[in-house]
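Undergrad: The structure is given below, and queries will be raised subsequently.
The values are calculated or read from the model by the stated rules, or taken from the named source; none is laboratory data. Bear in mind that the values here come from a model prediction, so they are computed numbers and not experimental data. Quick reminder, even Gly has a Cβ in these numbers, built from the backbone with ideal geometry, and neighbours come from all protein chains shown.
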């Protein structure tokens, strides 16, 4: 077999090109640490995700390190939006409840197939704040084109994982006391020192609390309805940027009101 | 389709030993250069410039910015 | 004619991708062209090629070959 | 009296003609669905419901890349084997039997897909060309695919039969190049279709008939891509065959090197299959190491294509020089650009060179994060199968159709404009698709317009990209109209005695220069099988080990339908009857065979 010199030259050039391509990719993997989606996660049962995978959420797992557990299903992503702080390292765990989807953060190199039974895991660093769209780029059914979500990378100083909830009565009988149970949940690992502000009528009560990492602190505000008087009273509970509000109605005779209400329903 | 006759016919017979595909080498050399430049552009500008990128959980990332 | 009509057609066809991507390449060196400007530049290039193609041939050393390509048309 | 294919092989010409016309019918249907999609997804003109877009997309994909390409290639292969061995098929009824099988298969799959448009029929197969479970099609769709593939297997047996018969009469002769190419391609195809056959017969079909409850989505997906990558080479190999054995002739030259052409095809046989995992770089459940192996294999698969580029261009240049071409580049002017067959194939080759680049990017493992499932990929395969293959097929039809009908081409100028128009249309469409892919625009979606964010372009705007895609799509449709006008015009013409002779290009460096080992098909088959086993056994074992053979508890989408029960019953009975009769037949013929 005689091969023309020019063709030999080209053959060598082509081989160099191929080796060059492989070398570039290897540099990306080893030098820059770009890891592929792999088989490091255990499989899950798509029908029992709540047990295997838990609820969709973001967890704070270390200093500037977060984990996002995302479920893709026709035709939504949960949680939506996914919120993480800037200057953080986030590991995504994504799985599907039904068919094959993808989890693709538009305009970035965060992109994976989401296959039922398998968990895709990938870590990315977010240096700056910004808002990204998340789309499913694998056909998953008739409304595939509507499947989208959001990834919010919020400035570090604006980020927290505080959740505020208030339990209280809607109505109270004149002369009785009623309590507002305020729960402040802190999802971060660090302690949260903050102030709970409770306002009702013209009264304002403040309470300093410290919620340790990954726990919930409860506090109670007691109100004497006599001081408020009969009628509707708006209240608000504020913790940092979070606010819960409602209306407390002070009535003369609670029993009768309820009975009347019941009668009206029938 | 007798149209082959409409084209200029062969003017000379070039045998195996007297033929050097220098034009092919020139064209394919050009192609080689284009491939290398485009590869560098797409990998280092389009791909690495498109961060955040998925990284290993253990490895720290050097030079990814 | 300096090129066969069919050859000219192919050259003009090949110009399509070049013109389309020219704008992207120029934007890389900070020359931003609008669609209209791109179309105008494309028109000028096509006109230049057409004028060149229809220039009468001067009898240079490749005349013999060109006579052949002309004879088909 | 001319010396065209039909004069020498009238019976085979009918088969080839039937295959070509079937493929053109698919091309026409695929084209209609193509333009509907283009206008819909770019939001230029929407007249279908976005939910129906996926039925359109399935039809476009299946008709174009399965029916159009494969019907055309069985025609080309039949022509190549009979012409280069200079003998007719062994049994023309056998030949028609595989044409029949492929046709029935196409109709079944086609009906299942198109019924998706009619709400009153509870049949649908809007599962796209890849039919990833747990998306579920009607069993008719899977059955149709099976019959179609079995048809191609029988076709391959037909060509091997011809070769064996020829070899008996010519024991020491080298396999003629076109036949060599057909045989190596078919061996690759037999190996590759094992994946999809297993996926459908063992998992998807029983699952769609309700005989098994669940499937392992990652397993069926991996088996699909076991077949899904080599299938692109199955489309491409006939185009390569035509570039190697016909294009030099159209250019007025000779094939530069027969031995290197053989080397190229052997490399394709060896490397086409153990690379499928490169479609799954972003799949969970497959270790990074397997992905890296698939990448190195894929990168080396570039080599035969690079070799082809040199050999084919050198063969064309040989033609140009024989026609008086000179210089480094000005020889290009001496090529027969007036000939639509040559011009079309050359332009197809040019765009294939561009496709080579986007293919290299697709092959690059980690760069897949950028392009995976984006419109970039769609741009890539519209350059490969949509241009390198489709434009070559259309252009060469202008030579083939006269050969198999005995009629002169209706209009050569229209033909030239048609191929140039295809080139321009594809340029606009694929260029903007690649660009849109880089900014993250997804493929396979009816409305790439989202409420929560916008795609950001570096240059121009999303609107301009969409306009280019739509413009390209419209030009392509126009090109198709011209193509069909020419084919129909030719079909209605009258017989001509003034046709070029049937034949293929001679070689400058002929088969005598090729080492004999190149013709040792058994050796290459064995190596190919070993490579596939090396590349796939561990990943497949790992996938089955992780997810189980039948996967987790998942629900089928859409859930089983009423007509499935009837079909399940019919298949069961037909299957039993077929097995019984096969058993009886085997029992009856056994004594004869033994004797």
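Undergrad: Mind counting the residues in segment D:271-289 that are in a helix (DSSP H, G or I) and farther than 16 Å from residue D:529 by Cβ?
TA: Residues meeting the conditions: 6.
Undergrad: Here is a further query. Tell me whether segment D:436-451 contains one or more residues that are facing another protein chain (nearest Cβ under 7 Å), surrounded by fewer than 23 Cβ atoms within 10 Å (Cβ to Cβ) and within 30 Å of residue C:4 (Cβ to Cβ).
TA: no
Undergrad: Let me ask another. For the condition surrounded by fewer than 24 Cβ atoms within 10 Å (Cβ to Cβ), in contact with a helix residue (DSSP H, G or I) (Cβ under 8 Å, 6 or more places away or on another chain) and within 13 Å of chain D (Cβ to nearest Cβ), what is the one hit in A:80, A:52, A:98?
TA: A:98
Undergrad: So, one more: Within segment D:249-270, how many residues are away from chain A (no Cβ under 14 Å), part of a helix (DSSP H, G or I) and over 23 Å from the mean Cα position of the chain (by Cα)?
TA: Qualifying residue count, segment D:249-270: 3.
Undergrad: With respect to residue D:202, determine if the residue is in a helix (DSSP H, G or I) and free of Cβ contacts under 8 Å to residues at least 12 places away in the same chain.
TA: Considered against the rule, which asks whether it is in a helix (DSSP H, G or I) and free of Cβ contacts under 8 Å to residues at least 12 places away in the same chain, residue D:202 comes out as yes.
Undergrad: Still on this structure, I have one more. Can you give me the number of residues within segment A:129-155 that are buried (at least 22 other Cβ atoms within 10 Å of the Cβ), in a loop (DSSP other than H, G, I, E, B) and either on the phi > 0 side of the Ramachandran plot or in contact (Cβ under 8 Å) with a residue 24 or more places away in the chain (or both)?
TA: The qualifying residues number 5.
Undergrad: Can you find a residue in segment D:275-287 that is more than 8 Å from chain A (Cβ to nearest Cβ), modelled with pLDDT of 95 or more and touching a strand residue (DSSP E or B) at 6+ places or on another chain (Cβ under 7 Å)?
TA: no
Undergrad: Which of (1) surrounded by fewer than 24 Cβ atoms within 10 Å (Cβ to Cβ); (2) in contact with a helix residue (DSSP H, G or I) (Cβ under 6 Å, 6 or more places away or on another chain); (3) within 14 Å of another protein chain (Cβ to nearest Cβ) is the odd one out, the single condition residue D:219 does not satisfy?
TA: Among (1) surrounded by fewer than 24 Cβ atoms within 10 Å (Cβ to Cβ); (2) in contact with a helix residue (DSSP H, G or I) (Cβ under 6 Å, 6 or more places away or on another chain); (3) within 14 Å of another protein chain (Cβ to nearest Cβ), residue D:219 violates only (1).
Undergrad: Based on what the data block shows, is residue D:586 assigned to a helix (DSSP H, G or I) and at pLDDT 80 or above?
TA: For residue D:586, the condition - assigned to a helix (DSSP H, G or I) and at pLDDT 80 or above - is not met.
Undergrad: Starting from residues that are touching a helix residue (DSSP H, G or I) at 6+ places or on another chain (Cβ under 7 Å), surrounded by fewer than 16 Cβ atoms within 10 Å (Cβ to Cβ) and at the interface with chain D (Cβ under 8 Å from one of its Cβ atoms), keep the ones in segment C:1-58 and report whichever is nearest to residue D:479 (Cα to Cα).
TA: C:21
Undergrad: Which condition from (1) surrounded by fewer than 19 Cβ atoms within 10 Å (Cβ to Cβ); (2) touching a residue at least 12 places away in the same chain (Cβ under 8 Å); (3) away from every other protein chain (no Cβ under 12 Å) is the one that residue D:528 breaks?
TA: If we test residue D:528 against (1) surrounded by fewer than 19 Cβ atoms within 10 Å (Cβ to Cβ); (2) touching a residue at least 12 places away in the same chain (Cβ under 8 Å); (3) away from every other protein chain (no Cβ under 12 Å), just (1) comes out false.
Undergrad: Would a scan of segment D:530-549 turn up a residue that is out of contact with any strand residue (DSSP E or B) (no Cβ under 8 Å at 6 or more places or on another chain), part of a loop (DSSP other than H, G, I, E, B), outside the structural domain of residue D:314 (by TED's automatic domain parsing) and within 30 Å of residue D:121 (Cβ to Cβ)?
TA: no
One line per residue, one yes/no per condition, for (1) within 14 Å of another protein chain (Cβ to nearest Cβ); (2) surrounded by 14 or more Cβ atoms within 10 Å (Cβ to Cβ):
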{"residue": "D:488", "(1), (2)": "no, no"}
{"residue": "D:510", "(1), (2)": "yes, yes"}
{"residue": "D:517", "(1), (2)": "yes, no"}
{"residue": "D:524", "(1), (2)": "no, yes"}
{"residue": "D:553", "(1), (2)": "yes, no"}
{"residue": "D:575", "(1), (2)": "no, no"}
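Undergrad: Also, I was wondering about something else. From the list D:130, D:69, pick out the single residue that is out of contact with any strand residue (DSSP E or B) (no Cβ under 8 Å at 6 or more places or on another chain), outside any helix (DSSP H, G or I) and more than 22 Å from residue D:7 (Cα to Cα).
TA: D:130
Undergrad: So which of A:152, A:145 is in contact with a helix residue (DSSP H, G or I) (Cβ under 7 Å, 6 or more places away or on another chain) and at pLDDT 90 or above?
TA: A:145
Undergrad: Can you name the number of the only condition in (1) more than 7 Å from every other protein chain (Cβ to nearest Cβ); (2) more than 30 Å from residue D:514 (Cβ to Cβ) that residue A:47 fails?
TA: (1)
Undergrad: Take residue D:394 and decide whether it is crowded, with 24+ Cβ neighbours inside 10 Å and assigned to a loop (DSSP other than H, G, I, E, B).
TA: It is false that residue D:394 is crowded, with 24+ Cβ neighbours inside 10 Å and assigned to a loop (DSSP other than H, G, I, E, B).
Undergrad: Let me ask another. Condition first: under 20 Å from residue A:12 (Cα atoms) and surrounded by fewer than 24 Cβ atoms within 10 Å (Cβ to Cβ). Now tell me which residues in segment D:314-346 satisfy that.
TA: Hits for segment D:314-346: nothing passes.
Undergrad: Check D:155, D:165 and return the single one that is buried (at least 22 other Cβ atoms within 10 Å of the Cβ) and at pLDDT 95 or above.
TA: Just one listed residue meets the conditions, D:155.
Undergrad: Which one of the conditions (1) under 30 Å from residue A:30 (Cβ atoms); (2) within 17 Å of the chain's Cα centre (by Cα); (3) surrounded by fewer than 24 Cβ atoms within 10 Å (Cβ to Cβ) does residue D:380 fail to meet, given that it meets all the rest?
TA: Looking at each condition in turn, residue D:380 falls short on (3).
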